[in-house]
Amino acid sequence: MVENFEPERYELHAAPVYSFVPDRRDFLKLLGGGLVVLVALPGASAQESGGGRGRGAAGAPQDIGAWLHIAESGAVTVYTGKVEMGQNIRTSLTQAVAEELDVSLDRIALVMGDTMLTPYDIGTVGSMTTPQMAPQLHRAAAAAREMLLDLAAEKWNEAKPTLSVADGVVHNASGAKLSFGELTKGQKLTRTISADARVTPASEWKIAGHDLKKINARAIVTGQEKFVSDIRVPGMMYGRVVRPAAFQSALVSADMQPAREIPGVIAVRDGDFVGVACDDSSKLDRAAAAVQAEWKTIPQTNSRELFDYLESHATRAVQWQPVESGKSIEASYNIPYIAHTPLEPRAAVAQWEDGHLTVWTGTQRPFGVRTELAQAFGIAEDHVRVIASATGSGYGGKHTGECAVEAARLAKAAGKPVKLTWTREEEFTWAYFRPAGVIDVRSAAHDDGTITSWQFHNYNSGNAAIRSPYNIPNQIAEFHATDSPLRQGSYRSLAACANHFARESHMDELAHAIGMEPAAFRMKNANDPRLRAVIEASTERFRWGAAKTRPHQGFGMMAGFDKGGYISCCAEVTVADNKITVDRVVQSFECGAIVNPEQLRNLLTGSIIQGLGGALTEAIEFENGRILNPHLAQYRVPRFSDVPQIEVVMLDRRDLPSAGAGETPIVGVAPAIANAVFDATGKRIRSMPLKLS
Amino acid sequence: MDLDINGVRRSVQSDPERPLLYVLRDELDLTGTKYGCGEGQCGACTVLLDGTPARSCRTPLRSAQGKKITTIEGLEQNGRLHPVQEAFIEVDVMQCGYCNSGMIMSAAALLKRKPDPNESDIQSALQGNICRCGTYPRIVEAVRMAARMAKGAQHG
């Protein structure tokens, strides 16, 4: 149950089928002298052809997940295709290297998500960095340490077991020292290690598993950190795309001449793409408005009819099974489209040089964006370099490369680099949304709490965490593809949010139907000891079962599992005049061995707060191909005043492998609040965002 | 047009109606001040005008003229971070960090106006600043720490 992540239609993209590399260069030459450790991917061997994996740094072997270089200066550089989005993996991965190599943190640099310099990576998705990339870096660093010890043993002609490493220096028994720099000088050593090389067990961690503050914090608080939209290259122009008023529009005509007459402005029409680039950003509004474009669109559905639309456009009908015994109930739950609303909208800077394209952009999938660019311009992938720059986060919303492609198209026409920063309205309209969904559930239970039937049908929102983690032998959990009126894609935790909302709301309904206390009902059906442990931890801290202390008060709880993480959340609400106020949230979380407790605490708290938006206020409204609320004044995301008292309980299991924690902690609050509202009012809300009327 | 930015006089040629944000970022390369919405709703573009927080995306150049403009780049004095900056590092506030410039500017203005703010003062001063990563509790903690640090510096 833990090992296999459910494949998710909105997240996993197939790697490119072909990967031509006409001018193979020895990427190791780029690194200079010293020593290099390459880490083979799990299940890979040197003979394998790569099985469709994309190619990373030019000429680099395929089936390599990461590499680590110790230069002749002693500087340690790690190359990984993963990307920092605010989940603080730059910090946690540095800890992994420092742990094995015993070198100070400031000697370690990470090169991340640069398609020219780093190994291929499918994307920073699915909470896979911690369970997969961190162990690879542990192995690379452990192997480098062994190589350094071998070098020292040879140099001193002493037995390796008598030597030790501390703080970037190898020591022998008589007190002599050799720094990493002294050992690597004049060397050119390369070693490829297998995916199962031995590393320090979590129970013995000294640096990993402990608090470490964010590594680039000073640059951030002084405004020096360069996010994508801050990047400037010489001669750069500023771009703007001219958009139609509605989705599914075709360009009928476009008069580019008025825009072109403005000095310093270029205007591009290519198929249905229309855009301008200006030598001065103050001309953008005028230049875009000067383009006379006419579009033709078609009638489209709207958000009021969304849920009927989804059920009526399913590819096949649901087959309900008869319920044999027990008290039976059924209910339907709705989840709207929501927007990721990253604080930094999509942005890209594109530069062409001699047929080679370089694009800086904020993306979780730099190699995927490289493929998009190569295909859009009909050039080989090795002519495209994508550099995933620091970005004002993504939450699953920055997987695709449309902004990069648009910037590159403008730059190609301009013959100069172009920066394109989407406006907030564009980000709300032309990105993609968390899939809307309808989830129909039919269930039954005996009076003693035994669940006798569980049928769970999810239309459109996805299959992440679709199966119940409770002990239900013959459960049915099916995903049903439908036509989606809006463009949709991955969102933090994928469909685990929707599926937990429906499942844990329904568990509450079933508990009440048989007259059983909701937490006891879950414990009755939870066999997995890790699931039981999080339920016990959250309810104990919450003081679940305590009497109410004031009118309009309500308590609700949930539990769940996804992407290797176990979660249980309890919420306290006050409902007065149909207004829901969340007073307190207690959430427990267990993801194996904790890599950095303070960063985990930060992620857990942040996930709860972000989850409050989807739970209480966020929903995209649309009609006839137009987004009706594409502004922050109309689409409320959580602000300071929305934050309840939050307590997180982190269960550290040093005996278990670490799982990711960037996603699953968001799934708890919505069902916990819905259940608390029922407890306060007797009213069951089955739609997100939760509203009483 | 002459502007006083972080104590330095900067000359820019621009339409007086143009929002200050784009002049800072695109003309002067002061990119610490961020674009988040262009609608005065998210606070990422917050700067100080004569010590008062202002949304630079909604501030025409003409209304910034003649005022002391302070951006995040100008908060550090003689190599010493502002207490709010220091506290943001100490509390380890940030996830993506994109909101931090605006948050720090709003918080610095609050502390100047009210050196010992309570939680509700902090909340109302920062209500117009959005952090999508949800680090709000840490930001409140950092502002409180900064208040203590500033007080300590005064008495010590």
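The values are calculated or read from the model by the stated rules, or taken from the named source; none is laboratory data. These figures come from a predicted structure and were not determined experimentally. Cβ placement follows ideal geometry from the backbone for every residue including glycine, while neighbour counts extend to all protein chains displayed.
All of B:Ser106, B:Ser101 fail the test of being within 13 Å of the chain's Cα centre (by Cα), crowded, with 22+ Cβ neighbours inside 10 Å and more than 8 Å from every other protein chain (Cβ to nearest Cβ), apart from B:Ser106. Annotation note: Cβ proximity below 7 Å between a residue of the stretch A:199-213 that is within 14 Å of another protein chain (Cβ to nearest Cβ) and a residue that is not in a loop (DSSP other than H, G, I, E, B) (sequence gap 6+ or interchain) occurs for A:Asp211/A:Pro597; A:Asp211/A:Glu598; A:Leu212/A:Thr91; A:Leu212/A:Gln95; A:Lys213/B:Ile89. Checked against the criterion of being closer than 25 Å to A:Gly614 by Cβ, surrounded by 15 or more Cβ atoms within 10 Å (Cβ to Cβ) and acidic (Asp, Glu), the candidates A:Glu330, A:Glu305, A:Glu311 yield just one match: A:Glu311.
Residue-by-condition table, conditions (1) surrounded by fewer than 24 Cβ atoms within 10 Å (Cβ to Cβ); (2) outside the structural domain of A:Thr129 (by TED's automatic domain parsing); (3) farther than 29 Å from A:Thr129 by Cβ:
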{"site": "A:Glu590", "(1), (2), (3)": "no, yes, no"}
{"site": "A:Ile609", "(1), (2), (3)": "no, yes, no"}
{"site": "A:Arg636", "(1), (2), (3)": "yes, yes, yes"}
{"site": "A:Ile646", "(1), (2), (3)": "yes, yes, no"}
{"site": "A:Pro657", "(1), (2), (3)": "yes, yes, no"}
{"site": "A:Glu663", "(1), (2), (3)": "no, yes, no"}
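Residues are listed down the side, and each one gets a yes or a no for (1) surrounded by fewer than 23 Cβ atoms within 10 Å (Cβ to Cβ); (2) farther than 17 Å from A:Lys327 by Cα:
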site	(1), (2)
A:Gln455	yes, no
A:Tyr459	no, yes
A:Gly462	no, yes
A:Ala481	yes, yes
A:Ser484	yes, yes
A:Tyr491	no, yes
A:Ala498	no, yes
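The set of residues in the stretch B:1-22 being more than 12 Å from every other protein chain (Cβ to nearest Cβ), surrounded by 15 or more Cβ atoms within 10 Å (Cβ to Cβ) and either under 16 Å from A:Glu344 (Cα atoms) or not hydrophobic (A, V, I, L, M, F, W, C) (or both) consists of B:Asp4, B:Arg10. Which ones in the stretch B:23-54 are within 12 Å of another protein chain (Cβ to nearest Cβ), under 16 Å from the mean Cα position of the chain (by Cα) and either charged (D, E, K, R) or outside any loop (DSSP other than H, G, I, E, B) (or both)? Across the stretch B:23-54, the qualifying residues are B:Leu24, B:Arg25, B:Lys34, B:Thr46, B:Val47. If we scan the stretch A:562-581, do we find a residue that is away from chain B (no Cβ under 14 Å), more than 17 Å from the chain's Cα centre (by Cα), on the phi > 0 side of the Ramachandran plot and not in a strand (DSSP E or B)? Scanning the stretch A:562-581 turns up at least one residue that is away from chain B (no Cβ under 14 Å), more than 17 Å from the chain's Cα centre (by Cα), on the phi > 0 side of the Ramachandran plot and not in a strand (DSSP E or B).
Just checking, which of A:Ala444, A:Ala407, A:Ala465 is of a type in the set (A, V, I, L, M, F, W, C) and touching an Asp or Glu at 6+ places or on another chain (Cβ under 6 Å)?
Being of a type in the set (A, V, I, L, M, F, W, C) and touching an Asp or Glu at 6+ places or on another chain (Cβ under 6 Å) holds for just one of A:Ala444, A:Ala407, A:Ala465, which is A:Ala465.
Considering A:Leu632, A:Leu628, A:Leu604, the condition of being away from chain B (no Cβ under 13 Å) and over 24 Å from A:Asn458 (Cβ atoms) is satisfied by A:Leu628 alone. In the condition set (1) outside any helix (DSSP H, G or I); (2) out of contact with any helix residue (DSSP H, G or I) (no Cβ under 6 Å at 6 or more places or on another chain); (3) at pLDDT 90 or above, A:Gly186 is compliant with all but (3). For the stretch B:33-42, a tally of residues being in contact with a strand residue (DSSP E or B) (Cβ under 7 Å, 6 or more places away or on another chain) and surrounded by 22 or more Cβ atoms within 10 Å (Cβ to Cβ) returns 2.
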